[in-house]
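Note sheet for the following structure.
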Amino acid sequence: MGIIKDQFTTKSLVLIPIAVGINLIGGTLCSLLKLPLFLDMIGTILIACLSGPWIAAICGLVTNIFLALVANPVYLPYSVVSMLCGLVTGFMVRSGFFESKWKAVITCLVCTVTNTISASLITFFVYGGATGINGTSFFTAAMIAATKEILFSVLSTSMLENLIDKGIVFAIVYSLMSKIPRRFLSQYSVSIRKRPAET
Amino acid sequence: MEMSNDFVPKNTIIEKMNPNTKLLAIISLGISTLIFPNPALGLGVLIFLFVVSCIAKIQKTFLKVVLGFGIPITVMLLFIQGLYSPKNKTIIADLGFAQMGLEGVLYALKIVVTLLVFLGAFLLMNKTTHISNLVAALTDLGLPNKAGYLVLATLNVVPQMQKRMSVIRQSQEARGVETQGGLFNRIKAYIPLLGPVILSSLIDMQERGMTLETRGFGINGVRRTTYVKATRSPMDKPLNVILILFLLIVLILTLLMKFGIL
């Protein structure tokens, strides 16, 4: 418990609203530029690198609560997904899996798998297969018509979109981490031992 | 996507109720619909919610959101579950390429009704409650101050960041960054737009943290005063009792039906 409590400093707490903002701005920018992606987890991954897993989990939770408050309560059950991704990434970063490009790729893959499995399970068990809030629902429906397997179709659709999505998110966070001023990073030295190599 | 909590005071009875009562209503109505074995109860609850929205004078928004969300998801789930659910035994229609089963249709309707009850109740609470009022009520229930700060700060920070992003977008466009055109062009535009927003927000946050520290945000074990007090109304207590009773009755009915007594 002591380790968890150590992460909850004022500096980390203040970082959460900003990270939530980054998540949402990333998502809005995507729809503004009409990109077929979400990119709504940049803040969570960034905060996992800066402040650690538990703060990242809270950031994921707050993001979904906020989305539920202002946009659509459908997002609420998915807070479990964001929390899991934050936790997994945080612990991976902490054990050194963000120090080089290849290690970051491994973290990215682990995060993608976590996201895919948890999100599909929620889509399947809470919503019965589709939420109808984005275009991928139509793709899922087409897959179901072709394969007649609901869970398999939900899983494979979500795997495909997540792989591309998380890949871009991690690339952005990796390049950001090497651009953030050293003076700023040093406040959060708890979680990241070595800064990624300058690119 | 609209990212602000557009609360407009309308001075109705619903607005004057304690936010915790509304939260209890979401939980009680939602869970009752969820556990009850068929969609009929949920339909009744939805009609009740519509009446409440009329009292709160937001029936237009209510209908728009509930129908706008309800119709597409009903079609989608009827397609997925109605045609391809493994539980289908009784066939009610033959569409040529697939058969529509009764069990899947009922399952789909149940999910849709449950979702709509949650959505509608949540919408009613959201539209009739100012967020600071809600946070004040939750703090009364024992929510830590820091958690309350998180929700409120997020609501304040996000519009600020959006404003900052539109400024950055304009200046990047003035510098010649293309934000329209082919897919590759738009992806390339993403980084120069997002980077400055994130970096400047992080620097801004550092100042915010210092300001809060100097005002004693991190001190533990002191009694804090509040600026916003949660609203209360005489209807809160009887309503709480009714809501809990409703949930209990539905629970007992469901159990009786499960064991085949009714």
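The values are calculated or read from the model by the stated rules, or taken from the named source; none is laboratory data. These figures come from a predicted structure and were not determined experimentally. So basically every Cβ, Gly included, is an ideal-geometry build from the backbone, and we count neighbours across all protein chains shown. With ligands, DNA and RNA removed, areas are computed over all heavy atoms of the protein, side chains included. Shrake-Rupley method; radii C 1.70, N 1.55, O 1.52, S 1.80 Å.
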Seminar exercise, completed: Computed ³J(HN,Hα) along region B:149-159: with the Karplus parameters 6.51/-1.76/1.60, θ = phi - 60°, integer Hz and x for glycine or proline, the list is 4, 4, 5, 5, 4, 4, 4, 7, 6, 4, x
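Just to confirm, what accessible area per residue do you get for the protein assembly as shown at 1.4 Å probe, in whole Å²? Don't skip to the end; give the middle numbers.
Working: 22560 Å² over 461 residues.
For the protein assembly as shown, the per-residue accessible area is 49 Å².
Distance check, please: which entries in A:11/A:103; A:34/A:101; B:22/B:57; B:64/B:163; B:10/B:60; A:11/A:179 exceed 18 angstrom between their Cα atoms? The partial results should precede the final answer.
Details: A:11/A:103 27 Å; A:34/A:101 29 Å; B:22/B:57 16 Å; B:64/B:163 28 Å; B:10/B:60 14 Å; A:11/A:179 20 Å.
As for pairs spanning more than 18 Å Cα to Cα, those are A:11/A:103; A:34/A:101; B:64/B:163; A:11/A:179.
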For this session: Quick one: net charge around residue B:236, please, counting Lys, Arg +1 and Asp, Glu -1 for every other residue with C-beta under 11 Å from its C-beta.
Result: +4
Exercise. What average number of partner chain Cβ atoms lie no more than 10 Å from the Cβ of the residues making up B:193-199?
Worked result: 6
Exercise. Please state the relative contact order of chain B as a whole percent: Cα pairs under 8 Å, 6+ residues apart?
Worked result: 30 percent
For this session: Apply the Debye scattering formula to region A:8-192, with a single equal point scatterer on each alpha-carbon and no solvent, then give log10 I(q)/I(0) at q = 0.08, 0.18, 0.20 Å⁻¹.
Result: -0.25, -1.19, -1.43
Seminar exercise, completed: Hull volume per residue for chain B, using the convex hull of the C-alpha atoms, in Å³ is 217 Å³
Exercise. Quick one: how many Å² of residue A:94 are accessible to a 1.4 Å probe, rounded to 10?
Worked result: 50 Å²
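Sort B:54, A:85 by heavy-atom solvent-accessible area, probe 1.4 angstrom, most to least. Don't jump to the answer; show the numbers that get you there.
Values: B:54 55, A:85 0 Å².
The ordering from most to least exposed comes out as B:54, A:85.
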For this session: May I ask for the accessible area buried between chains A and B, both sides summed, probe 1.4 Å, to the nearest 100 Å²?
Result: 5200 Å²
Exercise. How are the C-alpha pair distances of the protein assembly as shown spread across 20 Å bins, as whole percents from the shortest bin up?
Worked result: 22, 53, 24, 1
Exercise. Of A:102, A:54, which has the most accessible area with a 1.4 Å probe, and how do the rest follow in descending order?
Worked result: A:102, A:54
Problem set entry | Solvent-accessible area of residue B:110 with every protein chain in place, 1.4 Å probe, in Å² to the nearest 10 | 40 Å²
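Using a 1.4 angstrom probe on the protein heavy atoms only, line up B:51, B:158 by accessible area, largest first.
Numbers: B:51 75, B:158 0 Å².
Ranked from most to least accessible, the order is B:51, B:158.
Placing +1 at every Lys and Arg Cβ and -1 at every Asp and Glu Cβ, with all other atoms neutral, what dipole size does the protein assembly as shown have around its Cα centre, in debye to the nearest 20?
Numbers: 39 positive and 19 negative charges, 193 e Å.
So the magnitude is around 920 debye.
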Seminar exercise, completed: One computes Rg over Rh for region B:143-249 from alpha-carbon atoms, with the Kirkwood Rh, and obtains 1.22
Exercise. Round to a whole number: what % of the accessible area of chain B belongs to carbon and sulfur, probe 1.4 Å?
Worked result: 68 percent
Exercise. To the nearest 10 square angstrom, how much accessible area does residue B:15 have with a 1.4 angstrom probe?
Worked result: 30 Å²
Exercise. Each residue of region B:9-18 in turn: what ³J(HN,Hα) in whole Hz from Karplus with 6.51, -1.76, 1.60 and θ = phi - 60°, glycine and Pro shown as x?
Worked result: x, 10, 6, 9, 4, 4, 5, 7, 6, 5
Exercise. Among B:191, B:176, B:158, whose Cα sits farthest toward the positive end of the charge dipole of region B:152-262 (+1 at Cβ of Lys/Arg, -1 at Cβ of Asp/Glu, about the Cα centre)?
Worked result: B:158
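Grab the DSSP H runs of the protein assembly as shown that are 4 residues or longer, score each as -39,500 (n - 2.57), total them, divide by all residues and round the 222 nm result to the nearest 500 deg cm²/dmol.
Values: 18 runs with 323 residues, N = 461.
So the helix-based figure for the protein assembly as shown works out to -23500 deg cm²/dmol.
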Exercise. What average count of beta carbons from other chains do you get within 10 Å of the Cβ of residues in A:23-34?
Worked result: 6
